[in-house]
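Notes follow the structure.
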Protein chains: 2
Amino acid sequence: MEKIKTVAIIGMGLIGGSLGMAIKNKDLAEKVVGVSRNIDHLKEAKEKEALDEYSIDPIEATKDADIVFVSTPIAAIAPTIKTVCPTVKKGCIITDVGSSKAEIVSQIEGLVPDGVVFIGGHPMAGSERSGITAATKFLFEGTNYILTPTSKTDKEALKRLSGLIGQLDVKLSVIPAAVHDLAVAGISHMPLAVAVALVNTVCDTKEAKDVMLELASSGFRDTTRIAAGNVEMGRDMFSTNKKAVLRMLREFKASLEKLERLIEEGDPAKISAELEKAKKLRTDMYAA
Amino acid sequence: MEKIKTVAIIGMGLIGGSLGMAIKNKDLAEKVVGVSRNIDHLKEAKEKEALDEYSIDPIEATKDADIVFVSTPIAAIAPTIKTVCPTVKKGCIITDVGSSKAEIVSQIEGLVPDGVVFIGGHPMAGSERSGITAATKFLFEGTNYILTPTSKTDKEALKRLSGLIGQLDVKLSVIPAAVHDLAVAGISHMPLAVAVALVNTVCDTKEAKDVMLELASSGFRDTTRIAAGNVEMGRDMFSTNKKAVLRMLREFKASLEKLERLIEEGDPAKISAELEKAKKLRTDMYAA
């Protein structure tokens, strides 16, 4: 595959900075241009070898780019792409790093001019820390990186972007945006909501709270571990992927209510069947 | 404290066998008598030094006992105590090892003759394995052991039983039966129901199941770990502690529905407050 000439990265935080560092470390582009409104972040990114050149002007920085990563906070992704897409060159591929995809993809796809390709992306990497200071060239190694093309996406462009991202030592998956949103809601956002509700239920059971805190052991600890994570990250998961999260929570409640009815009815065989079903899937998942 | 003369243990499974082994290993009684309907289990228990003498007759085996542990399956606890309590000697203390307490305690307390004391017990120790073969003298070390006396319980008898159990290197708690049942529902049975429902929800989300299985990582793994545990143990938790489990699940659903409404409304500050509440309690719990 031909080496990419210019990669532009808009947003020099944890993800943008780490992308720049990984691309430069593996020498995957002739030039990496970084964009931020904060000149100090750009200087730090330069010191960390996350970029070759920098600019505070996204239009200037992207006009010669072959691939543009938009790694701003999620609310700024669509406005940023609107700003730069009229002036990027023909054949430019724009991708983002937002953690929910259906809304962004449908918003952007109708907006980019002919000859410019937008492909939604989601690197499932993160850290409790944030900002360029926390960026590292190893951030993506072994993590999942998802691309969400549509039926309209140019196949060659997808191949070119996949080629670059595949070299970051990630597990690359190419799936529809709606499936992506449902899947991350199911394996990440729904479990967080459930863990939070578990802890808060204990918190609110006044007459037994102290005894629960005393008796709780490894089962409760593991089931609720993610409730002790970063609050801002959790809040953003719920806000940006709202529709899929609410759907998964509805389905979760239906599943829990089924089990509740079986417990109420007290039929041991039916309770066992429900437990067996979960045990089998859970065991298969982590058997490898 | 005066050394106990005779301990009888009815039921030579994992718990009964391990109790015998621990009591004999620490030399806490002059004699341990084991009871089982299965002579092979009794022979194996003898070989493992879980008992000094054995019998298949619970009446014969308990008539001279100072303390009787009833460690049969939960459904057999009340019938067993009914059988032996008329013939045990005055001053005998009977305790059980059932994992829910309110029902057993109220059933038995009105039933034992004057001069015989029943005190509900729950050693919170277990293993994926069961039976005398899995018994070990270390089973209780560092685990919680709960006693659930009532206002009618003889104080001296409680002191005597606590003295024996305290020497098994357990964390002994003395709490009312109803609080016990609610607490174990909250920290053990409710989380199991929730973990099972989480896995089954993923299982039933046909259009995204495969992607979920592919993307699931440490968060989902930990939140659902207990769903891969022993099915019979789970089923018994739900059957024997039904009332408390159903109450905790109702309160859990109310807590989850509150979070759902906040996600629906989309107020970031309120979502964060709910996450902060859980994070604080969870962090305090396992901060050591």
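Each reported figure results from applying straightforward, stated rules to the coordinates on display, with no laboratory input. Everything quoted here is computed from the prediction, not taken from an experiment. Every residue, glycine among them, receives a Cβ derived from its backbone with ideal geometry; neighbour counts consider all protein chains shown.
What does the helix-only formula give at 222 nm for the protein assembly as shown: each DSSP H stretch with n ≥ 4 adding -39500 (n - 2.57), the total divided by the residues, and the result rounded to the nearest 500 deg cm²/dmol?
Details: 26 runs with 290 residues, N = 576.
-15500 deg cm²/dmol, from helical runs alone.
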_Most mobile of A:L246, A:L28, A:L198 in a GNM of chain A (Cα contacts under 10 Å)_ = A:L198
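Below 8 Å, C-alpha to C-alpha, sequence gap of six or more: please give me the relative contact order for chain A in percent. Provide the component values of the computation, followed by the final result.
Details: 453 pairs, mean separation 41.7, N = 288.
Dividing the mean separation by the residue count of chain A yields 14 percent.
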*Mind listing the label-point distances from B:G266 to the same position on all other copies, shortest first, one decimal in nm, points 7 Å along Cα→Cβ?*
4.8
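Given a Förster radius of 30 Å and the C-beta distance between A:Q107 and A:A287 as r, what FRET efficiency does 1/(1 + (r/R0)^6) yield to the nearest 0.05?
On the way: r = 40 Å, r/R0 = 1.33.
The formula returns an efficiency of 0.15 here.
State the antiparallel share, in %, of DSSP beta bridges confined to the protein assembly as shown, rounding to the nearest 5.
Numbers: 8 of 56 bridges.
For the protein assembly as shown, the DSSP antiparallel bridge percentage is about 15.
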_Closest Cβ on chain A to the rotation axis that carries it onto B (distance rounded to whole Å)_ = A:D222, 2
*Once the piece of chain linking B:K258 and B:K270 is laid out straight, how much longer is it, given 0.36 nm per residue of separation minus the C-alpha distance between them?*
3.3 nm
*Run through the DSSP bridge list for chain B and note the antiparallel percent, rounded to the nearest 5.*
15
*In nm to one decimal, list the spacings between the B:R250 label point and its equivalents in the other copies, with label points set 7 Å along Cα to Cβ, shortest first.*
2.6
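Quote to one decimal, in nm, the extra length available between B:K82 and B:F138 on full extension: 0.36 nm per residue of separation minus the C-alpha distance between them. Before the final figure, lay out each step's value.
On the way: separation 56, 0.36 × 56 = 20.16 nm, distance 3.07 nm.
Between B:K82 and B:F138, full extension yields 17.1 nm more.
Tell me the net charge near B:K137. Cut-off is 13 Å between Cβ atoms, B:K137 excluded, with +1 for each Lys or Arg and -1 for each Asp or Glu. Provide the component values of the computation, followed by the final result.
Values: positive: B:K24, B:K26, B:K48; negative: B:D27, B:E49, B:E141, B:D169.
That works out to -1.
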_At a 10 Å Cβ-Cβ cut-off, how would you order A:T223, B:T83, fewest neighbours first?_
B:T83, A:T223
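Which helices count as membrane-span-like in chain B under these terms: full DSSP H, at least 27 Å along the axis by C-alpha, Kyte-Doolittle mean of -1.0 or more?
Values: long enough: B:242-265 (34 Å, -0.48).
Sorted by number, the helices that extend far enough and score high enough are B:242-265.
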*Net charge over other residues, Cβ less than 14 angstrom from the Cβ of A:L111 (K, R count +1; D, E count -1)*: -2
*asked:* Which residues among region B:250-276 fall inside the zone where the amide N is under 19 Å from a point 7 Å beyond the Cα of B:S218, along Cα→Cβ?
replied: none
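Tally Lys and Arg at +1 and Asp and Glu at -1 over the other residues with C-beta under 15 Å from the C-beta of A:T87: what net charge comes out? Show your work: numbers first, answer last.
Details: positive: A:K63, A:K82, A:K89, A:K90; negative: A:D57, A:E60, A:D64, A:D66, A:D114.
Within the 15 Å Cβ shell, the charges total -1.
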*How long is chain A along each principal axis, judged by its Cα atoms, biggest number first, in Å?*
68, 40, 35
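Give me the percent relative contact order of region A:1-93, please, defined on Cα pairs under 8 angstrom at least 6 residues apart. Can you show the working numbers first?
Values: 178 pairs, mean separation 30.0, N = 93.
Across region A:1-93, relative contact order equals 32 percent.
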*Please say if the protein assembly as shown is rounded, prolate or oblate, where rounded means a/c under 1.5 for a ≥ b ≥ c the square roots of the C-alpha gyration tensor eigenvalues, and otherwise the choice is prolate for a/b larger than b/c and oblate otherwise?*
prolate
*Copy-to-copy spacing for A:F138, label 7 Å out on the Cα-to-C-beta vector, in nm, shortest first?*
3.4
*asked:* Shape verdict for region B:1-65, please, from the Cα gyration tensor: rounded (a/c under 1.5), prolate (a/b greater than b/c) or oblate.
replied: oblate
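Which of the residue pairs A:K270/B:K43; A:K277/B:K270; A:K24/A:K82; A:K279/B:K82; B:K101/B:K155 have a Cα-Cα distance greater than 30 Å in the structure shown? Mind showing how you got there, number by number?
Numbers: A:K270/B:K43 36 Å; A:K277/B:K270 36 Å; A:K24/A:K82 27 Å; A:K279/B:K82 38 Å; B:K101/B:K155 19 Å.
Correct reply: A:K270/B:K43; A:K277/B:K270; A:K279/B:K82.
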*Max mean-square fluctuation residue, GNM over chain A, Cα-Cα springs under 10 Å, options A:G91, A:G13, A:G110*: A:G110
_Check: region A:241-288 dipole with +1 on Lys, Arg Cβ and -1 on Asp, Glu Cβ, in debye_ = 420
*By its C-alpha gyration tensor, with a ≥ b ≥ c as the square roots of the eigenvalues, how is region A:180-285 shaped: rounded for a/c under 1.5, else prolate for a/b larger than b/c, else oblate?*
oblate
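Note the direction-averaged projected area, equal to a quarter of the hull surface, for the Cα convex hull of region A:4-175, in nm². Let's see the in-between values first.
On the way: hull surface 33.4 nm².
Result: 8.4 nm².
When only C-alpha pairs under 8 Å and at least 6 residues apart count, what is the relative contact order of region A:26-143, in percent?
On the way: 170 pairs, mean separation 23.0, N = 118.
Relative contact order for region A:26-143 comes out at 20 percent.
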